[in-house]
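I have placed the structure first, in the form of structure tokens, so that the comments after it can refer back to it.
Values in this text are rule-based calculations from the coordinates and carry no lab data. Just so it is clear, the model here is predicted, and its values are computed rather than measured. Note that we place each Cβ from the backbone using ideal geometry, even for glycine, and neighbour counts take in every protein chain shown.
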Amino acid sequence: MAGGTPKKRKPKGRRNQRRSHHHVALPTIVPCPRCKTLIPPHTACPTCGTYRGRTVIDIAALEAKRSKKEKERKRQATAEGRA
């Protein structure tokens, strides 16, 4: 029992008309009001850490934490290399 088999072949034009709305939309990006970095709207800026004029992410603390972690990783790698 075969169901749903088309009796006639559809032209390429009809197929393409049907698929005309299947395109991928470009993401919306806006410049950050403070540092002008392009970011998605309604998100905190990862560069300066502001959202709607207020600082919500402490970028200096994140950088300090990241550098501390990297130093620890390098120190551990050199210790493993000697052993």
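Sorting THR5, THR78 by the number of Cβ atoms found within 10 Å of their own Cβ, with the fewest placed first, yields THR5, THR78. Sorted largest first, the principal axis extents computed over the alpha-carbon atoms of the chain equal 72, 48, 22 Å. Take every pair of alpha-carbon atoms less than 8 Å apart whose residues are at least six positions apart; their mean separation over the length of region 1-72 yields a relative contact order of 14 percent.
Less than 5 angstrom separates the built amide H of ILE39 from those of VAL30, CYS32, all sequence-distant by 5 or more or on a different chain. Residues in region 29-41 carry Karplus couplings, in order, of 10, 10, x, 5, x, 8, 10, 6, 6, 6, 9, x, x Hz; the curve used is 6.51 cos²θ - 1.76 cosθ + 1.60 with θ = phi - 60°, and Gly or Pro positions show x. Here LYS74 is the anchor, and the lysines within straight C-alpha reach of less than 26 Å, apart from those fewer than 8 places off in the same chain, are LYS65. The packing ranking, built from the mean of other Cβ atoms within 10 Å per residue, places the peptides 22-30, 54-62 in the order 54-62, 22-30, highest first.
Ranking PRO11, PRO46, ILE29 by how far each Cα lies toward the positive end of the dipole of the chain (charges on Cβ) leaves PRO11 at the top.
So which GluC sites (Glu not before Pro) in region 12-83 pass both tests, a DSSP loop state and at most 10 other Cβ atoms within 10 Å of the Cβ?
none
Relative to the longest principal axis of the C-alpha atoms of the chain, give the angle of the C-alpha long axis of helix 59-82, reported between 0 and 90° and rounded to the nearest 10°. Roughly 80 degrees, rounded to the nearest 10. For region 44-80, backbone nitrogen atoms closer than 19 Å to the point 7 Å from ARG34 Cα along Cα-to-C-beta are found at 44-66.
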